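To start, the structure itself, in structure tokens.
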Amino acid sequence: MMLAQHKSTGEQFALKMIDTSVDNRKFIADSEITLHTRCKNSPHVVRLTEHFTHENYQCILMEYMNGGDL
């Protein structure tokens, strides 16, 4: 998990990069994206902003929740 920042707006996001070349992580990444999509209207789940593939990584961009760990 990394902190990412939009270049022009300065808005911060949480970026999760999952290496899909290892074992069944492609399935895990796809499942996480599906769950975020299904729960998009829940006030208890972070908002999925975008997802994309970069080389061997599935990247999941989510809203940044400042204030600590869960």
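The values are calculated or read from the model by the stated rules, or taken from the named source; none is laboratory data. Just so you know, these numbers come straight off a predicted model, no measurement behind them. Because the Cβ atoms are built from the backbone with ideal geometry, glycine has one as well, and the counts that use them run over all protein chains shown. Accessible surface is based on the protein model in full, side chains and every heavy atom, while ligands, DNA and RNA are left aside. Shrake-Rupley method; radii C 1.70, N 1.55, O 1.52, S 1.80 Å.
Which of the numbered conditions does Ser31 fail, given that it passes all the others? Conditions: (1) in a helix (DSSP H, G or I); (2) touching a strand residue (DSSP E or B) at 6+ places or on another chain (Cβ under 9 Å). Failed condition: (2).
Each residue in the range 38-50 was checked for being open to solvent by less than 90 Å² (accessible area, probe 1.4 Å) and either touching a residue at least 60 places away in the same chain (Cβ under 8 Å) or within 11 Å of the chain's Cα centre (by Cα) (or both), and 3 of them qualify.
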